[in-house]
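Colleague: One structure coming up, written as structure tokens, with questions to follow.
The values are calculated or read from the model by the stated rules, or taken from the named source; none is laboratory data. The model shown is predicted, which means the values in this text are computed figures rather than measured ones. Using ideal geometry, Cβ is built from the backbone for each residue, glycine included, and neighbour counts are taken over all protein chains shown.
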Amino acid sequence: MNSFENRRILLVDDMPTIHADFRKILAPELGAASALDAAKAALFGDEITAAAPPFELDSAYQGQEGLARVVEALAQGRPYGVAFVDMRMPPGWDGVETVERLWRADPRLQVVFCTAYSDASWEEVLQRLETRDRLLILKKPFDNIEVSQLANTLSVKWQATQQAAAQIDQLEEAVAARTAQLTQANAALQVEIAERKQLETQLVQSQSLASIGQLAAGVAHEINNPISYIFANNGTMETYQGQLFELLRAYRVAEAQLPPPTATSLAALREQVGLDYLHDDMPTLLQESREGLMRVRQIVQDLKDFSRIDTGQEWQRVQLHQGIESTLNLLAGKVQPKADLVREFGQLPEIDCMPLQINQVVLNLVLNAADAIPTGRRGTITLKSGCDCGTHVWLEVKDTGCGIPSEVQPRIFEPFYTTKPVGQGRGLGLSLSYGIMQRHGGRIDVHSLVGQGTTFRLTLPVRRAETAQATHAAHP
Ligand SMILES: Nc1ncnc2c1ncn2[C@@H]1O[C@H](COP(=O)(O)OP(=O)(O)OP(=O)(O)O)[C@@H](O)[C@H]1O
Ligand SMILES: [Mg+2]
């Protein structure tokens with residue numbers, strides 16, 4: 001049996017005789033009907049035909065009673081499929097009002113008006129009810145077959161309508177489920193696209209830094225040799241200078257014993273070359289050269305560090321916070337006048353690293369943070385740390401400084417990229433830090449908003465085994 005089959009019929013009519021007629025037509029006594037059929041078959045040789053399934057007919061004699069029946073049937077989950085409603089039912093509601101109220105209770109109900117005449121024109125009736133697709137009219141006196149056909153056809157229509165509605169519901173549910181799946185898939189795709197883009201950017205950046213690193217290594221190697229002998233020569237020249245000055249002093253003493261013409265011409269020559277000035281200036285020049293050479297030597301050393309030559313450091317298992325604290329102590333003089341230092345350290349396991357190098361990274365980040373805070377406006381530098389899944393630790397250095405414009409961000413890890421005035425920044429801090437993080441199989445990320453501040457985030461593997469693989473992956 002179809003789950004939507006509904007053979008329930010409600011008759012609302014004030015005339016008891018009509019109810020009796022309907023009962024005979026729609027819900028005859030089964031036993032009597034089949035006995036009659038059998039007698040007819042015996043007398044006239046008719047074949048016994050399979051009767052249509054009977055209806056369940058309920059009676060109401062006034063509109064109000066009809067409504068109560070409909071409401072009760074709904075509450076029981078056994079709604080009526082069809083209602084036959086008389087047009088005139090004094091003293092209560094007329095047919096039109098009854099149908100209006102029945103439909104408010106159950107809009108699915110198929111309705112047949114039964115009438116010999118109408119109190120209002122049919123046009124008005126239809127206008128009042130505002131719907132025509134669930135309403136038929138049966139004029140009295142009616143034929144039995146009209147009643148039974150209307151009941152059959154409208155029951156089937158009720159059933160078909162419910163089936164269609166259920167199918168639409170199912171379809172809508174399926175569409176909603178599919179839409180939800182697609183939305184989810186789309187969101188996942190967006191995340192993947194964003195991750196890929198980030199990876200691509202990182203790859204491009206690490207490739208370009210790797211080639212800059214090779215270049216830097218070559219330059220460092222080439223410069224290193226001449227710098228070494230210039231440095232050595234400078235030292236030798238300082239020694240020679242001392243010896244020459246000593247000799248000059250001896251000559252000066254001897255000058256007093258020379259005959260006057262020779263002594264006069266020598267004094268004139270001394271005046272001409274400005275020997276006194278040379279004597280004062282030469283040591284200063286050699287001293288400045290030495291300082292300049294030492295700076296060049298430091299830059300070459302930094303370039304070597306960036307490109308992984310001569311790192312010369314031991315791997316150790318250490319507690320990161322200790323190194324950070326000693327670095328912060330070193331920097332107190334530089335940071336305190338400009339910013340408050342806030343520590344939000346989490347619980348970290350001991351990690352495998354080259355501690356001096358990691359301290360160097362922290363130092364660079366904190367110095368940059370302090371530099372980013374405009375003079376005269378006290379800022380905050382926050383150091384935060386934590387552990388991801390036990391395999392990685394992270395450290396963030398966050399400042400409330402000037403921020404880095406997005407178009408500049410891709411360049412800040414390049415060696416010699418600096419926005420600081422000449423003499424104040426060499427543009428090596430971040431490139432060195434980048435190299436150090438690469439060597440540790442970690443990473444360094446930046447997030448910055450102009451006018452609001454910058455956060456650098458370091459991520460480091462806890463164990464070196466993962467490091468080796470990661471480093472290998474980053475530098476095939
Ligand atoms: N926290 C920060 N806030 C704003 N800008 C920053 C920050 N950190 C780095 N930068 C920008 O990145 C550039 C490169 O930084 P990096 O540390 O490599 O070099 P530097 O600080 O200029 O010089 P060095 O570190 O060699 O003394 C800086 O000049 C600055 O423009
Ligand atoms: Mg710096």
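Colleague: Hey, any hits in the range 154-166 for a residue that's free of Cβ contacts under 8 Å to residues at least 40 places away in the same chain and surrounded by 14 or more Cβ atoms within 10 Å (Cβ to Cβ)?
Modeller: Yes, some residue in the range 154-166 is free of Cβ contacts under 8 Å to residues at least 40 places away in the same chain and surrounded by 14 or more Cβ atoms within 10 Å (Cβ to Cβ).
Colleague: If you take the residues of the range 391-443 that are under 17 Å from Cys353 (Cβ atoms) and within 13 Å of ligand 2 (Cβ to nearest atom), which of them is modelled with the highest pLDDT?
Modeller: Val397
Colleague: Condition first: at pLDDT below 85, in a helix (DSSP H, G or I) and over 15 Å from Arg426 (Cα atoms). Now tell me which residues in the range 305-326 satisfy that.
Modeller: Selection gives Ser326 alone.
Colleague: Cβ-Cβ below 7 Å, separation at least six or inter-chain, first residue in the range 53-78 and assigned by TED's automatic domain parsing to the domain that holds Asp13, second of a type in the set (A, V, I, L, M, F, W, C) and loosely packed, with under 14 Cβ neighbours inside 10 Å: which pairs?
Modeller: Within 7 Å, the pairs are Pro54/Leu30.
Colleague: Output yes when any residue across the range 50-61 is in contact with a strand residue (DSSP E or B) (Cβ under 6 Å, 6 or more places away or on another chain), of a type in the set (S, T, N, Q), under 15 Å from Leu154 (Cβ atoms) and modelled with pLDDT of 95 or more, and no when none is.
Modeller: The answer is no, given that none of the residues of the range 50-61 is in contact with a strand residue (DSSP E or B) (Cβ under 6 Å, 6 or more places away or on another chain), of a type in the set (S, T, N, Q), under 15 Å from Leu154 (Cβ atoms) and modelled with pLDDT of 95 or more.
Colleague: Sticking with this structure for a sec: Tell me, please, whether a residue that is at pLDDT 90 or above and either on the phi < 0 side of the Ramachandran plot or crowded, with 16+ Cβ neighbours inside 10 Å (or both) can be found in the range 118-133.
Modeller: No, the range 118-133 contains no residue that is at pLDDT 90 or above and either on the phi < 0 side of the Ramachandran plot or crowded, with 16+ Cβ neighbours inside 10 Å (or both).
Colleague: With respect to Thr391, is the statement that it is buried (at least 17 other Cβ atoms within 10 Å of the Cβ) and hydroxyl-bearing (Ser, Thr, Tyr) true?
Modeller: It is false that Thr391 is buried (at least 17 other Cβ atoms within 10 Å of the Cβ) and hydroxyl-bearing (Ser, Thr, Tyr).
Colleague: Here is a further query. Collect the residues in the range 264-286 that are over 15 Å from Arg249 (Cα atoms) and free of Cβ contacts under 8 Å to residues at least 12 places away in the same chain, keeping them in residue-number order.
Modeller: Within the range 264-286, Thr264, Ser265, Ala268, Leu269, Glu271, Gln272, Val273, Gly274, Asp281, Thr284, Leu285 meet the criteria.
Colleague: OK, next. Return the residue satisfying two criteria in turn: it lies in the range 414-460 and is out of contact with any His (no Cβ under 8 Å at 6 or more places or on another chain), polar (S, T, N, Q) and more than 22 Å from Gly213 (Cβ to Cβ), and of such residues it is farthest from ligand 1 (Cβ to nearest atom).
Modeller: Gln452
Colleague: Quick one: in the range 331-378, of everything that is of a type in the set (Val, Ile, Thr) and exposed (fewer than 13 other Cβ atoms within 10 Å of the Cβ), which residue is nearest to the chain's Cα centre (by Cα)?
Modeller: Only one residue fits best here, namely Val342.
Colleague: Any residue at all in the range 134-141 that's in a helix (DSSP H, G or I), surrounded by 12 or more Cβ atoms within 10 Å (Cβ to Cβ) and modelled with pLDDT under 95?
Modeller: no
Colleague: Of all residues in the range 271-288, count the ones that are in a helix (DSSP H, G or I) and surrounded by fewer than 12 Cβ atoms within 10 Å (Cβ to Cβ).
Modeller: Result for the range 271-288: 9.
Colleague: Do any residues in the range 409-433 that are over 18 Å from Thr201 (Cα atoms) have Cβ atoms under 7 Å from those of residues that are within 7 Å of ligand 1 (Cβ to nearest atom) and aromatic (Phe, Trp, Tyr), where the two are at least six apart or on different chains, and which pairs are they?
Modeller: Within 7 Å, the pairs are Gly427/Tyr417.
Colleague: May I ask you to list the residues in the range 404-413 that are out of contact with any Phe, Trp or Tyr (no Cβ under 7 Å at 6 or more places or on another chain) and within 8 Å of ligand 1 (Cβ to nearest atom)?
Modeller: Ile404, Val408, Ile412
Residue by residue, here is whether (1) within 27 Å of the chain's Cα centre (by Cα); (2) surrounded by fewer than 23 Cβ atoms within 10 Å (Cβ to Cβ); (3) assigned to a strand (DSSP E or B); (4) of a type outside the set (Asp, Glu) holds:
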position: Ser431; (1), (2), (3), (4): no, no, no, yes
position: Gly435; (1), (2), (3), (4): no, no, no, yes
position: Gln438; (1), (2), (3), (4): yes, yes, no, yes
position: Arg457; (1), (2), (3), (4): yes, yes, yes, yes
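Colleague: May I pose another question? If we keep just the residues of the range 351-377 that are touching a residue at least 40 places away in the same chain (Cβ under 8 Å) and among the charged types (D, E, K, R), which is nearest to ligand 2 (Cβ to nearest atom)?
Modeller: By that ranking, first place goes to Asp371.
Colleague: So, one more: Restricting attention to the range 379-408, report how many residues are closer than 13 Å to Asp340 by Cα and in contact with a Pro (Cβ under 9 Å, 6 or more places away or on another chain).
Modeller: Counting residues in the range 379-408 that are closer than 13 Å to Asp340 by Cα and in contact with a Pro (Cβ under 9 Å, 6 or more places away or on another chain) gives 1.
Colleague: Would you confirm whether any residue within the range 359-371 is part of a strand (DSSP E or B) and out of contact with any Phe, Trp or Tyr (no Cβ under 7 Å at 6 or more places or on another chain)?
Modeller: Checking the range 359-371: not a single residue is part of a strand (DSSP E or B) and out of contact with any Phe, Trp or Tyr (no Cβ under 7 Å at 6 or more places or on another chain).
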